[in-house]
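J.: This structure is in structure tokens; I'll ask about it shortly.
The values are calculated or read from the model by the stated rules, or taken from the named source; none is laboratory data. Because the structure is predicted, anything quoted here is derived from the model rather than measured. So basically every Cβ, Gly included, is an ideal-geometry build from the backbone, and we count neighbours across all protein chains shown.
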Amino acid sequence: MRSIYSLLLLLSVFVLGACSHSRHPDSLWYDPNNPGYEYAPAMYHSYPYEPLTQVTNENATSWYYNSTPYNDYKGKYKSNSLTPVAGTIARGKLDYYFEYENNDSGRAMAARNLVNPIELNDYTLNEGKRLFNLYCDHCHGEKGDGNGSLVEAGKIPTPGEYYGKLKDREAGSIFHTITYGKGIMGSHASQLSPEQRWLIVNWVQIMQHGAEAYKIASMSEYEALTAPAQSETPEMESVQDTTAVEEVMEAVDSTNQMVEGEI
Amino acid sequence: MNRLLSVSSSLLIAIILLLGHPVKAADAANGEKLFKANCGACHILGRPMTGPNLVGVSSRWEDKELLHTWIKNPGKAKATGDPYITQLLAEWEPKSGLMAAQAVSDAEIDDILAYIDNWAPPAPVQDQTTADTQGEGGVTYDENIMILSVILLILVLVLGLVLTIRARISKIIAAQEGLPDAEKPGPIKVLIDELKDFVVNQMNPTLLVLTVGGILSIFLVIDLYNRAQDLGLQQGYAPDQPIKFSHKLHAGQYGIDCQYCHTGVEKSKNANIPSSNICMNCHTVVQSGPKYGTEEISKIYAAIGYDATTGNYTGETKPVEWVRIHNLPDHVYFSHKQHVVAGNLDCENCHGNVREMEVVEQVSLLEMGWCINCHRETEVVIDNNYYQEHFHQVFEDDYAKYLEKNPDKKDEVKLGDFIKNHKKYTVSDMGGLECQRCHY
């Protein structure tokens, strides 16, 4: 009988040990919704409003309850998201202010007036390429052929090739489109700073040179690609000189001046 | 003969197709291609998008000539002052502008119209998903309980078996020794008798109390130890979210980069949870998902105040109350920007393979030892101006120590060579273990 007795003892220790508390996903106690225990809530929770926490229990102690009544929902919902005070621009964010209107005439104005402030060099070229492949490639495709992963999956209609329908889009127009969106493309202004948008504009304009342009990784390769087509550049500049903004506005009204098939 | 057969069969198929469809099948197929290439950017069949819903367009336009003119040159068609066009423009021009002229021929327009007329809405996906969605969250939990109870059951059965066999054997021994043959009781009765005998005759009450108390205290100690170990740690936390957003689908299957939505990761302390406007970059078009149909996507629309039938924003918004998973205490300062930009770390380093997660789970421990370990092990790329300028003294001191130990190497190993090839500089050498680096 002694052997059974010791067997029982061993068994219960084993079973109870296995049943004891553990946060491991294989444990009996594992509850994916349970965040566990805190040891010092006063040190855990922030006095200032934290944007990503929404502690909605008002009965919690003062350091724990963390939700502003002055939020975007006027206290109706508990959230800490706040839009900037109307009519103000945060320090250092002046370039977020974009004076062109979100319509066709605004886009045409931007196309005429805006000049890409970022000088093209090896670093900006690759940075633009990297940002493009983070923020644009799932629709526009890594190659700029309008055949990204979402287009291939049939989720989003193709925006077209950069070296096809969108070949002649000016820098300012591309910047306007990234800022406001166009057609089904949404505004990416909340995701990209103006500087990042200009870097992407650079890269998009490189891809306008042809189907192989996406392979470029340095300035020397870019110059080699654009060398035969150099005669085009002065032509474009002369057009810009002769056409005044008023004329552009008229042209926009008579619609046929509009760039075809843009997204 | 074969050729004749194939020709006649293909003829037959062609006739069947012609009889079956009022419009030639080839036309509609070509029209689909043309529609996707030329119209798909602004029009989607079945609902309005940037432009109006085109289903039934040929029945709405009385003058087919004018429709062709409109598609090829909207400016010219507008100039005719047709009342239907005026009405259309009054509705659409303010928000979408005038349609762009399309470079298509009359025959191609007919193909496109044939495609639109033949188009039928796809079957809703909701039905096949319900079976899938049930019991999603708690699978591991339920399975664990099941497995454990099966094991327990087996153990109890084995115990009963052992006791029964033992009773049988003792009975046989009793018979062999010529003792009177007891009446044969059932196995359960034998088991109960054995246990009764065990508890009443062989069990010492003190021993019993000690045993039960011992087992309980062993359990308590293990349990308390485990709880203390997990105090303040959230590893394995995988809460249900208000919207069943699947990273496996978005980041895994569709290959959308983490930063597309978590834009702050290179710019600020937080990697930020995207606000609903970023969802809308795709979900104005994609209104139904493969698993939950429109159920989950409509929650985004409710949050941002979007009317999917008209494509307008109502202006009535409310927050999506995402449940925060990764949460460092307020007394620790952690910046994503520094780790991603300067440290050049991938998201997977700390967050695990989120691309495979249906529900996001905290993979890393996020305790201090975990941070410190990485700071001790991660090598720093010192070959740049910042470190040459600010850590020059550290490099020189180390070099002097090295020369003290190896005086003969003075000409062989120079300072530049030393820091590159003879010593590994980790984050801890650059002050990565100082308390106030993170606690301030």
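J.: So B:I256 fits all but one of (1) under 30 Å from A:W29 (Cβ atoms); (2) under 37 Å from the mean Cα position of the chain (by Cα); (3) hydrophobic (A, V, I, L, M, F, W, C); what number is the exception?
T.: B:I256 satisfies all of (1) under 30 Å from A:W29 (Cβ atoms); (2) under 37 Å from the mean Cα position of the chain (by Cα); (3) hydrophobic (A, V, I, L, M, F, W, C) except (1).
J.: Determine whether B:G214 is surrounded by 13 or more Cβ atoms within 10 Å (Cβ to Cβ), at pLDDT 85 or above and either over 19 Å from A:Y39 (Cα atoms) or within 8 Å of chain A (Cβ to nearest Cβ) (or both). Walk me through how you get there before you give the answer.
T.: On the way: surrounded by 13 or more Cβ atoms within 10 Å (Cβ to Cβ): yes; at pLDDT 85 or above: no; either over 19 Å from A:Y39 (Cα atoms) or within 8 Å of chain A (Cβ to nearest Cβ) (or both): yes.
Against the criterion (surrounded by 13 or more Cβ atoms within 10 Å (Cβ to Cβ), at pLDDT 85 or above and either over 19 Å from A:Y39 (Cα atoms) or within 8 Å of chain A (Cβ to nearest Cβ) (or both)), B:G214 does not qualify.
J.: With the requirement that a residue be more than 15 Å from B:I71 (Cα to Cα) and surrounded by 19 or more Cβ atoms within 10 Å (Cβ to Cβ), what does the range B:84-104 give you?
T.: Listed by number, the list holds a single entry, B:S96.
J.: Could you tell me which of the residues B:N270, B:N277 is within 9 Å of chain A (Cβ to nearest Cβ), touching a helix residue (DSSP H, G or I) at 6+ places or on another chain (Cβ under 6 Å) and surrounded by fewer than 20 Cβ atoms within 10 Å (Cβ to Cβ)?
T.: B:N270
J.: Within the range B:330-340, can you find the residues that are surrounded by fewer than 17 Cβ atoms within 10 Å (Cβ to Cβ) and either out of contact with any helix residue (DSSP H, G or I) (no Cβ under 9 Å at 6 or more places or on another chain) or within 12 Å of another protein chain (Cβ to nearest Cβ) (or both)?
T.: Within the range B:330-340, B:H331, B:V332, B:Y333, B:S335, B:Q338 meet the criteria.
J.: Only one residue in A:K155, A:K165 is touching a Cys at 6+ places or on another chain (Cβ under 9 Å), modelled with pLDDT under 90 and charged (D, E, K, R), so which one is that? Outline the logic, then answer.
T.: Details: A:K165 fails: touching a Cys at 6+ places or on another chain (Cβ under 9 Å).
When all the criteria are applied, what remains is A:K155.
J.: So, one more: Which count do you get for residues in the range A:133-149 that are surrounded by fewer than 22 Cβ atoms within 10 Å (Cβ to Cβ) and of a type in the set (A, V, I, L, M, F, W, C)?
T.: So the answer is 1.
J.: Still on this structure, I have one more. Report yes if some residue within the range A:66-76 is surrounded by fewer than 12 Cβ atoms within 10 Å (Cβ to Cβ), of a type in the set (F, W, Y) and away from chain B (no Cβ under 12 Å); otherwise report no.
T.: yes
J.: Please count how many residues of the range B:217-252 are facing chain A (nearest Cβ under 10 Å), more than 30 Å from B:C347 (Cα to Cα) and of a type in the set (G, A, S).
T.: The number of residues fulfilling the criteria is 0.
J.: Here's another thing I want to ask about it. Can you run down the residue pairs with Cβ atoms below 7 Å, 6 or more apart or on separate chains, where the first is in the range B:288-301 and in the same structural domain as B:T317 (by TED's automatic domain parsing) and the partner is among the hydroxyl-bearing types (S, T, Y) and assigned to a helix (DSSP H, G or I)?
T.: What qualifies is B:K291/B:T129; B:Y292/B:T129; B:Y292/B:T133; B:G293/B:T129; B:I300/B:S276.
J.: Turning to a different aspect of this structure: Go through the range B:41-131 and tell me which helices (runs of 4 or more DSSP H), entirely inside it, have 2 or more residues that are of a type in the set (S, T, N, Q) and more than 25 Å from A:L166 (Cα to Cα).
T.: B:57-60, B:83-96
J.: Considering every residue within the range B:28-47, establish whether at least one is away from every other protein chain (no Cβ under 14 Å), loosely packed, with under 13 Cβ neighbours inside 10 Å, at pLDDT 80 or above and more than 33 Å from the chain's Cα centre (by Cα).
T.: no
J.: Suppose we filter A:D72, A:D31, A:D104 for residues that are assigned by TED's automatic domain parsing to the domain that holds A:I206 and among the charged types (D, E, K, R); which single one remains? Even if it seems obvious, please write down each step before you answer.
T.: Working: A:D72 fails: assigned by TED's automatic domain parsing to the domain that holds A:I206; A:D31 fails: assigned by TED's automatic domain parsing to the domain that holds A:I206.
Among A:D72, A:D31, A:D104, only A:D104 is assigned by TED's automatic domain parsing to the domain that holds A:I206 and among the charged types (D, E, K, R).
J.: Of all residues in the range A:72-108, count the ones that are hydrophobic (A, V, I, L, M, F, W, C), assigned to a loop (DSSP other than H, G, I, E, B) and within 22 Å of the chain's Cα centre (by Cα).
T.: Residues flagged as hydrophobic (A, V, I, L, M, F, W, C), assigned to a loop (DSSP other than H, G, I, E, B) and within 22 Å of the chain's Cα centre (by Cα) within the range A:72-108 amount to 4.
J.: Where in the range A:109-222 are there helices (runs of 4 or more DSSP H), lying fully within it, with 3 or more residues that are over 23 Å from B:N344 (Cα atoms) and β-branched (V, I, T)?
T.: Correct list: A:171-180, A:194-207.
J.: Another question, if that's okay. Residue check, B:Q338 against (1) modelled with pLDDT of 90 or more; (2) within 30 Å of B:K244 (Cα to Cα), all met but one. Which one?
T.: Tallying (1) modelled with pLDDT of 90 or more; (2) within 30 Å of B:K244 (Cα to Cα), B:Q338 fails exactly one: (2).
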